[in-house]
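Asker: Next up is a structure, given as structure tokens.
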Amino acid sequence: MTASQNHDDSDFDASPSLGIAARAMAAARPGAAGGYLQGMNPEQREAVETLDGPVLVLAGAGTGKTRVLTTRIAHILATRRAFPSQILAVTFTNKAAREMKERVGQLVGGVVEGMPWLGTFHSIGVRMLRKHAELVGLKSNFTILDTDDQIRLIKQLIQADGIDEKRWPARQFASALDGWKNKGLRPADIPEGEARAYVNGRGRELYAAYQARLKVLNAVDFGDLLLEAVTLLRENPDVLADYHKRFRFILVDEYQDTNVVQYLWLRLLAQGSHNICCVGDDDQSIYGWRGAEVDNILRYERDFPGAKVIRLERNYRSTAHILGAASHLIAHNEARLGKTLFTDLPQADDEDKVFVASAWDSEEEARSIGDEIERYQRGGTPLNDIAILVRASFQMREFEDRFVTSGIPYRVIGGPRFYERAEIRDALAYFRIVMQPADDLAFERIVNTPRRGIGDTSVRTLHDYGRAEGVPLTEATHQLVATEEFKGKTRTALRDFLDSLGRWRDLVPAMKHTELAELILDESGYTAMWQNDRSADAPGRLENLKELIRSMDEFESMEGFLEHISLVMDRDAGEQLDAVSIMTLHSAKGLEFDTVFLPGWEEGLFPHQRALDEGGRAGLEEERRLAYVGLTRAKRHCLIWFTSNRRIHGSWQSSIPSRFLDELPAGHVEIKETGSAYGGYGSSFGRQNPYGASRFDSVERFQSNYDTPGWQRAQKAQKAAGSTGRGGFSSPAQPSYGRGQPKLIEGELIAKSVVEGAPKFAAGDRVFHVKFGPGSVAAVDGNKVTVDFDKAGQKRVVDSFLERAGN
DNA sequence: TTCTGAGTGCTTTTT
DNA sequence: GCACTCAGAA
């Protein structure tokens, strides 16, 4: 995405460039050797060639999804069904958009400058809104607020309303607001009950006030980029008709992640040509918590009547063991369309099964994974091919600590994004206020950064005046500085500040934008502020500011830069050095690694307790999909760990192996003989376990656990659907998705770990626990025992952790 | 304005 | 158990 592509209206005329299509014809003949269809399997080919009408491509992990999408575009161009500018192709992330652009370019030969409508939902939303801003009450140079600005704005409104901020935190309202916008609800549309549940029953009013304030500021938030776009199309049939004429083909990536507004937007646009092709995988839907509707993909055939559904199940990534494990696990989900990955590749003799290993606690887990990584490294695996995928980011720390001491290079993927850092946001606020004097949020952010002696009181005075007069803060300052309102130092400081802003503004047309940016940061004293800061991260922040200026160089002007910064600024691709990647399961979606470590498979952490408590069965199924995503990232080796003890919120908890372990098929899994889960620290790799055998000590015992409810359910599902004959597991042919499913999560919890038989303990028994010491049994529930420990207080533990102790 | 102590909450994240 | 936020005092 480049800065030059906004604001130009040329793409709306009827003379699209022929360049790409012509080159596509020349370079890519479908059938010929080297043609773009070469080497595609029949399903992929069908997905590429079925151009007319709605199509849903259910593309399992590693089945060549991106290839299908890009080849489809090439095919549309080569068959002259549309010009590049008549194809709408949407993705979720900039990264995906960039990749698609590159790959279409490769297929078609040349850079795809002619595809103006390939981009993220948000960037395309912006594009539409800029063009028709006045129709939704904006000016076309509107600002895009990020979450931080959003929260500050809400805070102000809550304060102005005299509502207790403590009781109704702005952050909480911001997420409600996001939720409503994701669902396509405007203030009038939100259900009464929900409206009342916020800010003292004033949820609806606050939402409306917030929107009104945005219009005054000539700003939109991320949610608006889509919601306002939908409003625009709904309320202006002529505009919609124009887009109908324009978009001959619509392509959507990661359809399982779309939310309601995105769905509504797509539906409106697809009314034109009906040629909408959505690619996705219901089994990889892991963003329900941020508004994604799995229903969108599950109901596709009903939403788009006559839709053709094409399944891509031939996997080119992983070994048969990994696919077998993943397929069997995901077959436990009920809300799915059902597909089973398989591989054509011959099985190698030395192919590893999926490993499961245990550790005493997270420290040992990190240590043994580190050892394992070094072993792979000695065996010739580059560290770049190895990843550790965790459920929650707090797990990363243990690995970082360990790798620092043992000298394993690593990189953490994720974390705060570049433009979210305070110094970057401050710098941007300076640039914004220079370019847009009415940007009050930018004004407030930097008016006293660095300190100029303009405190809260002064800012409030400006605010009150500005609001009373209906003028932005800059203007309010101008007017009040001319009066006796401010005295002495404050007045001088404000006047100096205004002078600086004016001076910088005058320089905009005269100076190269990167130089001006540097000048602003220097003259404002902002750079000096960090230079004088003696804290450890100050040098890093200065470095970030330099990086910011460097990245501005890619844009033609300050406006172009600001336009795209909040939407497009990715964190940089990272250094080239050989290092292990550490990231969350969520950020691993779409990636692949030769060797994948999956630590922390314990009840409560994975599946996460909150997902179960708040999401019930649907929550559990989403967790299971996460596990599926994790497993299918691995090409050749997949190693799972669980610990017997973990520190959660500061206190130690003994933990139970994840139910997902029980849901792996024994035939594809191997239990690693570390035996140290219950054996204490250090050199306890011996087989003698002072605390007795546990069910994870041997493969046999492990296998005997497959007589569990989860397993039985999966088997029943298999029987119902009949075998596919590919050695894989098949799932119900009919999606049996229901909203009113009973939430049995609690009851199912430990069931699978129970070795049938009489309870080992009774209330009153004296017992001993490795971690918590001696105690007395208070209650017994299956194999879960509640114990009053003499030292550690009352805990609920699994009986296999307990030893009978004499009185 | 800056420091300090109390209070809180604590999955996942893109745009 | 820790990291972050915010109100109130120095």
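A short reminder: the numbers here are calculations on the coordinates, not readings from a lab. Since this is a predicted model, take the numbers as computed values, not measurements. All Cβ positions, glycine included, derive from the backbone under ideal geometry; neighbour counts span all protein chains shown.
Asker: Expressed in nm to one decimal, what extension gain is obtained for the pair A:S393 and A:A778 from 0.36 nm per residue of sequence separation less their Cα-Cα distance?
Answerer: 135.1 nm
Asker: Something else now. Quick one: what are the phi-derived ³J(HN,Hα) couplings along the stretch A:377-387, Karplus 6.51/-1.76/1.60 with θ = phi - 60°, whole Hz, x for glycine and proline?
Answerer: 5, 4, x, x, 7, x, 4, 4, 8, 10, 9
Asker: Now a separate question. Could you pull out which residues in the stretch A:216-244 have an amide N less than 13 Å from a spot 7 Å beyond the Cα of A:A188, following the Cα-Cβ vector?
Answerer: A:235
Asker: Over the stretch A:422-532, what lengths in whole Å, largest first, do the semi-axes of the equivalent ellipsoid take, defined as the square roots of 5 times the eigenvalues of the alpha-carbon gyration tensor?
Answerer: 23, 16, 13
Asker: Can you work out the Karplus-derived ³J(HN,Hα) for every residue in the stretch A:513-521? Use 6.51 cos²θ - 1.76 cosθ + 1.60 with θ = phi - 60°, whole Hz, and x for glycine or proline.
Answerer: 5, 5, 5, 4, 4, 4, 4, 4, 5
Asker: Determine the relative contact order of the stretch A:422-532: mean sequence separation of Cα pairs under 8 Å and six or more apart, normalised by residue count, in whole percent.
Answerer: Reported relative contact order: 27 percent.
Asker: Highest mean first, what order results for A:372-383, A:280-291 on Cβ atoms within 10 Å?
Answerer: Averaged packing, sorted descending, gives the order A:280-291, A:372-383.
Asker: Which pairs, out of A:K131/A:K181; A:K487/A:K512; A:K546/A:K635; A:K183/A:K589, put more than 29 Å between their alpha-carbon atoms?
Answerer: In this structure, A:K487/A:K512; A:K546/A:K635 lie more than 29 Å apart at Cα.
Asker: List the residues, sorted by chain then number, that are 5 or more residues from A:A359 or on another chain and whose placed amide H is less than 5 Å from its amide H.
Answerer: A:F642, A:T643, A:S644
Asker: As a footprinting exposure proxy, order A:H274, A:H608, A:H244 by other Cβ within 10 Å, with the fewest listed first. It would help to have the intermediate numbers written out before the result.
Answerer: Numbers: A:H274 14, A:H608 20, A:H244 17.
Listed from fewest to most nearby Cβ atoms, that is A:H274, A:H244, A:H608.
Asker: If a paramagnetic tag sat 7 Å from the Cα of A:A208 along the Cα-Cβ line, which residues of the stretch A:221-247 would have the backbone N under 19 Å from that point?
Answerer: Within reach of a label on A:A208, which here means backbone N under 19 Å from a point 7 Å along Cα→Cβ, the stretch A:221-247 contributes A:228.
Asker: Near the amide H of A:K635, under 5 Å away, which other amide H atoms are found, from residues 5 or more places off or on another chain, if H is placed in the peptide plane?
Answerer: Under 5 Å from the amide H of A:K635: A:F593, A:D594, A:T595.
Asker: Relative contact order for the stretch A:143-217 using alpha-carbon pairs under 8 Å, separation at least 6, rounded to a whole percent?
Answerer: Relative contact order here is 28 percent.
Asker: Show which aspartates and glutamates lie in cross-link reach of A:K155 when reach means a straight Cα distance below 12 angstrom and same-chain residues fewer than eight apart are skipped.
Answerer: A:D164, A:E165
Asker: A:D52 versus A:D352, label points 7 Å from Cα toward the beta carbon: distance in nm?
Answerer: Modelled inter-label distance: 5.1 nm.
Asker: Can you tell me the length gained on complete extension of the stretch A:D533 to A:E301, counting 0.36 nm per residue apart and subtracting the Cα distance?
Answerer: On the way: separation 232, 0.36 × 232 = 83.52 nm, distance 5.96 nm.
Between A:D533 and A:E301, full extension yields an extra 77.6 nm.
Asker: Fewest to most neighbouring Cβ within 10 Å: what's the order for A:K95, A:K353?
Answerer: A:K95, A:K353
Asker: If you don't mind, another one. Calculate the FRET efficiency for A:E134 and A:R550 from the Cβ-Cβ distance with a Förster distance of 51 Å, rounded to the nearest 0.05.
Answerer: With a Förster radius of 51 Å, E is 0.90.
Asker: Can you compute the FRET efficiency between A:Q479 and A:V216 using 1/(1 + (r/R0)^6), with r the Cβ-Cβ distance and R0 = 30 Å? Round to the nearest 0.05.
Answerer: Given R0 = 30 Å and the Cβ-Cβ separation, E is 0.95.
Asker: Collect residues whose amide H, placed 1.01 Å from N in the peptide plane, falls under 5 Å from the amide H of A:T584; neighbours closer than 5 in sequence don't count.
Answerer: A:V390
Asker: Here is a further query. Suppose each label sits 7 Å from its Cα in the direction of the beta carbon; what would the A:D788-A:V239 distance come out to in nanometres?
Answerer: Output for this residue pair reads 6.9 nm.
Asker: While we're here: Fewest Cβ neighbours within 10 Å first, please rank A:M396, A:M552 accordingly.
Answerer: A:M396, A:M552
Asker: So what are the ³J(HN,Hα) numbers for the stretch A:442-447, from phi and the Karplus equation (6.51, -1.76, 1.60; θ = phi - 60°), rounded to whole Hz, Gly and Pro as x?
Answerer: Values, residue by residue: 5, 3, 4, 5, 10, 4 Hz.
Asker: I would also like to ask the following. By how many nm would the segment from A:I163 to A:I413 grow when fully extended, if each residue of separation counts as 0.36 nm and the alpha-carbon distance is taken off?
Answerer: That pair, A:I163 and A:I413, stretches by 86.1 nm at full extension.
Asker: Still on this structure, please answer the following. For the pair A:E515 and A:R647, how long in nm is the line joining their label points, each one 7 Å along Cα→Cβ?
Answerer: Going from the A:E515 label point to the A:R647 one covers 5.5 nm.
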